[in-house]
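Input: a single structure, listed below in structure tokens.
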Amino acid sequence: MPKPKQPEQTSSGISRRDFFKSSTVGAVSTALVSGVHGEGSSVEVLGPGEVGIKLNVNGKTRRLRVEPRVTLLDALRSELDVTGAKKVCDRSTCGACTVLLDGKPVYACSVLAVEAQDKQIVTVEGLGTPEKMHPVQKAFVENDAQQCGFCTPGFVVACAAFLEKHPNPDIEDLKKGLGGNLCRCGTYDGIKKAVKQVAAEGGINA
Amino acid sequence: MPEYNWPEAEKRSRIGNRKTRLDGPVKVTGKAEYTYDVKLYGMLYAKMLTCPHAHAKIVSIDISQAEAMEGVKAIRMIQEPGAEIQWADDEIVAVAAETEDIARDALKAIKVEYEVLDHFVDDENKDAAPVVNPAQEEVTGDPDAAFANAAFVSEGFYGARVIAHACLESHGDVAVWDDDEHLTVFASTQAVSSLPGQFADGLGIPAANVRVICQHVGGGFGSKFSADRWGIECARLAKIAGRPVKLMLERDAEIHVAGGRPSSYAKIKTAADKDGNIVGWASESWGTGGPAGTGSPPVPYVWQIPNRRHQHSSIPTNIGPSRAWRAPNHPQACFLTMSALEDLAAKVGMDPLDFVLKNIALTGTRSQNYADELKIGADLIGWKHHWHPRGQAGDGPVKRGLGLALHTWGGRGHQSNCELVIHADSSVEIKLGSQDLGTGTRTVIALVVADTFGLTADDITVRIGDSRYPASGASGGSTTVGGVSSAARRASLVALEQLLGRIAPELEAKPEDLEVINSTIRVKGDHSKSLSWKEATALLGVSTITATGQHPGPGRLDDSGVAGIQMADVSVDTETGVVSINKMVAVQDCGLIIDLMTAESQVHGALIMGIAYSLAEERVMDPVTGTLLNGDMEFYKLPGIGDVGELVVHMMTGPGYDERGVIGLGEPPVVSPGAAISNAVANAIGVRVPYLPLTPDRVLEALGKGGAA
């Protein structure tokens, strides 16, 4: 089974937009991937048909077959039935698909599934359950930081990552740090209160 | 028969408190299943080929290559050769395939030939429109005499552009045929109980054979009442393929064809006498909601100006069609009216707060509510401290200003039926074919039942989102809370009467001498005689209690007609044209509030949605090609968490409000933001920016024509 060579950096992986920018032909290959990361050219070509991959999702190793063009978001939702991350803009704009990749928040719509191998993927389902909620999830409920709830999973993941980096955020930190997620119903006020509450109650590990 | 009313304030145990929503935990953990999340065994994915032209005739369609592709399982021509297409992104062919990518590949293999026709998308430019449909002029009083005798006359042009609903969960369905005649549809909808009939109509099967399920919906705002052509096609593809099919709209289609709010432009003239009394109004408005044009905004909005003339023209265009956008036509009418009146106040030289209060009797039956709310709002925003005459915002490039607006809405409860069961194990369930759009419908139903039974909301199992439950109205027009809470209250009162009748002998008391409180049923005045809810229901044995509730019904449980006011505090950078919101205040009534927490969330959300359409949102059409230029979320702009400023919400409750019963709240608070923000910008920079949204280019253009720059 061909295995893609992994880039050495533990960055969020290439974005699909960068990928398309670099791509001059329709065929998908890891040569493009390594090109983006400035590595050598001695890599195997993946696809265009399905390839077998392994993804570590919420602590479990999952095996699946996908075409190399399949995004991490589609792989999670359509192949693995992990549907917490939502597909909204599908273009790195709205943040509804935010997941953690090795602890860093990324837009799963703009990471290829093949690129997420050998990384720890955490979705909103991996943070907590209705019975045992993560502090951010609990604060979202208590401050009514959701209405229709479609942006909520992405926001919860983004807030958890944000609070990890900014345990005591001020309003300017919050505006910038959570500016990558959009809500249509207008739940920002509840989200601000939820973030402040988590910080005041000892942070995300409390 | 019980007496159908709401409990007095001192007897409410749950109603009116702040309760976190029941479906909060499943939403924040990703467990809530939306239509977009449904995956059935063997499910196919459908995509639609859409028309690239704004106006065209289909000459030919060749699907042969797509049909032959591996993984393609069903193809449907939605429109045939000869059909005339009236807007770009209209659906032509639908394909169902094993994966989304294969479906997308198949669309590329379909060849459609078009005869391109002339299009018109420049809706503001009425003189260039190929078709203009004028309505009858409406005249009240003697506007000519009023203007001739007026001390002050103000004239202006105002325009609100077409915007989209832009639901985060796009429109769509998952359809599965149980057999040749029975269909189940998972739909992203605001109308669980009315969709079976619509699917049945489209497919030629009885409504009884269609089941519609929607547990959670990712936004609707008035755009999700219909089965829609794509829903019917999804079901047809599923039948052809013999497998379940999921069809969700792409983002560009969601913005262009699945919801739009009509534009509204108007030339308005207003008049006041020497004391600042409003005496005259004359307006000529036009706008579009796509090929169907659009009806007149109700102007002058709220204000019953004694002498007035209005004429509206509907402009059909090749912009995508419109749907009911939260408070249909009210935000546009409010923007046109309150902007024109604020300009008149500036002409008179009055503080608009004083001007509005001076004329408040013209707002009719709710004028006292408005006056009370304006005083509260003024305190909350510091109106008297921060307000300055128009354009006198001091030196420096950033100018601060205040603006206000007021609005109304009906909000009477819709038809609703429910069934309530008290089980012998003490559990309580209530079933109704309603839906929770994120407004808190589940939670208010539970609170009503809990309050009646002396239980907590978490003790109540609320079953909604399935057309097999008793029919309940669509969630539109702010009618849901009045409908479902009234039906639930009636069912609860009937069930309680039955329960008390059954256990009264056990307590050696008459049923009417019993009361329920804190999960206990006891004899009034003799608390030693009591049974816990669990003990009491255990006596039911196999004869559990089932009661139904309806709305409308006996007793006065709901009402119609609310008043709300909003004020905005903005800063405008006169060098960049960027408007930022410092603070917004909303003061709103809605009768008896069931859950204060989700009610306040509705108002917060409406303020933010209002800020969005005031500062950012519009469908940008390319006049050359007639297509939508910003069919994505990068360029169809929505504000982020840092763009909305401080929001203050004050709900009017207590005597004078509570006894009116329950009134809907979803729409009214989204009406005023456009006018309040536009007025604040005019106050800041000294000149009216005539358009919504107030984009930087428009602010700079207005400043170029005068003002504070």
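Taken together, the values in this text are just the output of simple stated rules run on the coordinates, not laboratory data. What you are looking at is a predicted structure, and each value in this text was computed from that prediction instead of being measured. Neighbour counts are summed over all protein chains in view; Cβ atoms, including those assigned to glycine, are modelled from backbone coordinates with ideal geometry.
Dipole of chain B computed with +1 at Lys/Arg Cβ and -1 at Asp/Glu Cβ about the Cα centre; of B:151, B:217, B:380, farthest Cα towards the positive end is B:380. A dipole drawn for chain B from +1 and -1 charges on Cβ atoms has a positive end, and of B:280, B:26, B:1 the residue lying farthest that way is B:1.
Overall shape: oblate for chain B, with the ratio a/c of the largest to smallest alpha carbon gyration tensor axis at 1.5 or above and b/c at least equal to a/b. Partners of residue B:524 within straight-line reach, counting lysines whose Cα lies under 26 Å from its Cα and excluding those fewer than 8 residues away in the same chain: B:11, B:510, B:534. For the pair region B:578-656 / region B:406-467, the C-alpha centres are spaced 27 Å from each other. Most simply put, chain B has about 75% antiparallel DSSP beta bridges, counting only bridges with both residues inside it. At a threshold of 8 angstrom on Cα-Cα distance, excluding pairs fewer than six apart, so keeping six or more, what relative contact order does region A:56-206 reach in percent? RCO, region A:56-206: 25 percent. When the pairs A:192/B:31; A:119/B:31; B:375/B:583; A:138/A:165; A:87/B:108; B:375/B:705 are compared against a 26 Å limit on Cα-Cα distance, B:375/B:705 fall above it. Counting only other chain Cβ atoms within 10 Å of each residue's Cβ, the peptide B:20-26 averages 6. Quick check on region A:128-200: take the gyration tensor over C-alpha atoms, sort the square-rooted eigenvalues as a ≥ b ≥ c, and tell me if it's rounded (a/c under 1.5), prolate or oblate. In terms of gyration-tensor shape, oblate. The spacing between region B:164-195 and region A:46-106, judged by their C-alpha centroids, is 25 Å. Modelled this way, with points 7 Å down the Cα-to-C-beta line, the labels at residue B:517 and residue A:45 are 8.1 nm from one another. The residues B:132, A:157, B:302, when put in order of fewest to most other Cβ atoms within 10 Å, stand as B:132, B:302, A:157.
Helix content alone sets the calculated 222 nm mean residue ellipticity of chain B: runs of n ≥ 4 DSSP H residues at -39500 (n - 2.57) each, divided across all residues, give -8000 deg cm²/dmol. Excluding same-chain neighbours fewer than eight residues apart, the aspartates and glutamates reachable from residue A:176 by a Cα-Cα span under 12 Å are B:643.
When both bridge partners sit in the protein assembly as shown, DSSP labels roughly 75% of those beta bridges antiparallel. The Rg/Rh ratio for region B:413-551, using Cα coordinates for both the radius of gyration and the Kirkwood hydrodynamic radius, is 1.01.
Rounded to 0.05, the FRET efficiency of the residue A:81 and residue B:506 pair, given R0 = 51 Å and the Cβ-Cβ distance, is 0.55. Note on residue B:575 and residue B:386: their simple-model spin labels are 2.3 nm apart, each label 7 Å out from Cα toward Cβ. Remark: B:365, B:270 ranked as B:365, B:270, counting other beta-carbon atoms within 10 Å and listing the fewest first. For region B:96-135, the residues whose amide N sits under 12 Å from a probe point set 7 Å from the Cα of residue B:57 along the beta carbon direction are B:114-118. For the protein assembly as shown, the Cα gyration tensor yields ellipsoid semi-axes of 42, 39, 29 Å (square root of five times each eigenvalue, largest first, whole Å). The ranking of B:305, B:677 by Cβ neighbour count inside 10 Å, starting from the fewest, reads B:305, B:677. With each label modelled as a point 7 angstrom along the Cα→C-beta vector, the residue B:292-residue B:201 pair spans 1.2 nm. Were the residues from residue B:548 through residue B:532 laid out at 0.36 nm apart, the gain over their Cα-Cα distance would be 3.3 nm. A simple packing score, the average count of other Cβ atoms within 10 Å per residue, orders the peptides A:129-142, B:470-483 as B:470-483, A:129-142, with the highest score first. Size descriptors for region B:450-524: radius of gyration and Dmax over Cα atoms are 15.3, 48 Å. Over region B:183-304, all Cα pairs binned in 5 Å intervals from 0 give whole-percent P(r) values of 2, 9, 14, 16, 12, 10, 8, 7, 6, 5, 4, 3, 2, 1, 0, 0, listed from short to long. Nothing charged except the Cβ atoms of Lys and Arg (+1) and of Asp and Glu (-1): what's the magnitude of the dipole of region B:53-183 about its Cα centre? Round to the nearest 20 debye. Roughly 380 debye for region B:53-183.
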